[in-house]
Amino acid sequence: MKKIIKLTLGGIAWGCTMFTIIGIIIALIMGQDNSFMMSTSDYIKQAVLSIIIGIGFTVPSIVYDYENISKFLQFTVHMGTGFCIYMICAYMAGWVPTGFGLGAVILSIAFWIIISLAIWFFFYMYYKKEAENINKKLKDN
């Protein structure tokens, strides 16, 4: 239970961080244009959905604690769950460009799959390096 709480809090932090970073990038791109303004209820909805997405990607990572499950299945459960939650939230938030046709929707989905996989890959490489360092220290002792 402690691990689930830790993952949930980490997901909230990730969701808030990504929401802020993406908001800053959009504000910088839009410049002084006031069309970026949104209502309080839209802001709250988008912030809450960002938090849910963060939790949706972090909590399923608990699957990596089960060594009897293949790496591919672990990855599929983790990223599949996270991405399904992302797609539901993105649709609810209006982030999926449905008004621009199927091509734009597919491009949007492909873009977020690539971003999600890139984040996963960087975490994978970090933890792989950590494991190598720990194993080296154990071997040296």
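Bear in mind these aren't lab numbers, they're just calculated from the coordinates by the rules spelled out. This is a predicted model, so every value here is computed, not measured. We place every Cβ from the backbone using ideal geometry, glycine too, and count neighbours over all the protein chains shown.
Mind checking the angle between helix 2-30 and the chain's longest principal axis? C-alpha axes, 0 to 90 degrees, to the nearest 10.
40
Can you tell me the dipole magnitude for segment 1-95 around its Cα centre, using point charges on the Cβ only (Lys, Arg +1; Asp, Glu -1), in Debye to the nearest 20?
280
In the structure shown, do any of Lys6/Lys139; Lys45/Lys128; Lys3/Lys129; Lys2/Lys129 have a Cα-Cα gap over 27 Å, and if so which?
Check vs 27 Å cut-off fails for Lys6/Lys139; Lys45/Lys128.
How do the peptides 71-79, 127-135, 19-27 rank, highest first, by the average count of neighbouring beta carbon atoms within 10 Å per residue?
For the peptides 71-79, 127-135, 19-27, the packing ranking is 71-79, 19-27, 127-135.
How much mean residue ellipticity at 222 nm does the chain get from its helices, if each DSSP H run of length 4 or more adds -39500 (n - 2.57) and you divide by all residues, to the nearest 500 deg cm²/dmol?
-28000 deg cm²/dmol
Give me the net charge of Asn133's neighbourhood, meaning all other residues with Cβ under 13 Å from the Cβ of Asn133; Lys, Arg count +1, Asp, Glu -1.
Value of the local net charge: +2.
Would you mind computing, in nm to one decimal, how far apart the modelled labels at Phe123 and Ile25 are, each placed 7 Å from Cα along Cα→Cβ?
1.8
Which whole number of Å³ per residue matches the convex hull of the alpha-carbon atoms in the chain?
Convex hull of Cα atoms, per residue: 148 Å³.
Using Cα-Cα distances under 8 Å and only pairs 6 or more residues apart, what relative contact order does the chain have, in percent?
Averaging sequence separation for qualifying contacts and normalising by length gives 23 percent for the chain.
Rounding to the nearest 10 and keeping the result within 0 to 90°, find how far the Cα-based axis of helix 40-58 lies from the longest principal axis of the chain.
20
Would you kindly state how much longer the chain becomes between Lys6 and Ile114 on full extension, computed as 0.36 nm times their sequence separation minus their alpha carbon distance, in nm to one decimal?
Stretched fully, the Lys6-Ile114 segment lengthens by 36.3 nm.
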